[in-house]
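Worksheet for the structure shown next.
Where a number appears in this text, it was derived from the coordinates with a stated rule and is not lab data. Just so we're clear, the structure is a prediction, and the values are computed from it rather than from any experiment. Positions of Cβ are generated from backbone atoms using ideal geometry, with glycine treated the same way; all protein chains shown enter the neighbour counts.
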Amino acid sequence: MNKNLYVGNLSYKISDDDLKSNFSEAGEVVSASIIKDKFTGQSKGFGFVEMKTEEGATEAIKQFNNGMLDGKAITVNEARPKKEFGAGGGSRGGGRPGGGGGFSRGPRSGGGRY
């Protein structure tokens with residue numbers, strides 16, 4: 001069973017390969033990825049490491065949580081699963097019955113513009 005780890009407070013200079021080689025000291029790494037801004041490509045300062053075994057994940061947390069990487073104290077813990085969008089009946093209409101709208105601004109709606 002694979003284990004996903006969240007790694008936070010990363011230096012902006014750290015690459016996917018840096019993360020992978022660092023965490024391979026704790027066990028076999030399946031994947032490592034730094035999360036980047038989709039417009040600038042700049043690191044957001046956190047990433048995810050997928051360890052091959054639960055033991056490797058536990059060892060990585062023990063070994064690296066609050067440890068130093070490129071001069072910064074990093075946070076390592078078990079990643080929470082992604083939330084499924086669309087599940088759970090969440091309303092996107094602002095919670096109001098009937099949803100939408102939102103353009104009426106009180107007494108000055110329209111009146112003599114054209």
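Among residues belonging to segment 10-22 that are within 18 Å of the chain's Cα centre (by Cα) and buried (at least 20 other Cβ atoms within 10 Å of the Cβ), point out the one that is nearest to Met51 (Cα to Cα).
Looking at residues that are within 18 Å of the chain's Cα centre (by Cα) and buried (at least 20 other Cβ atoms within 10 Å of the Cβ), I get Leu19.
Mind listing whichever residues of segment 11-44 are closer than 19 Å to Lys82 by Cβ and either small (Gly, Ala, Ser) or touching a residue at least 40 places away in the same chain (Cβ under 8 Å) (or both)?
Residues satisfying the conditions are Ser31, Ala32, Ser33.
Confirm whether Val7 is among the β-branched types (Val, Ile, Thr) and either loosely packed, with under 13 Cβ neighbours inside 10 Å or in contact with a Phe, Trp or Tyr (Cβ under 6 Å, 6 or more places away or on another chain) (or both).
Numbers: among the β-branched types (Val, Ile, Thr): yes; either loosely packed, with under 13 Cβ neighbours inside 10 Å or in contact with a Phe, Trp or Tyr (Cβ under 6 Å, 6 or more places away or on another chain) (or both): no.
Answer is no for this residue.
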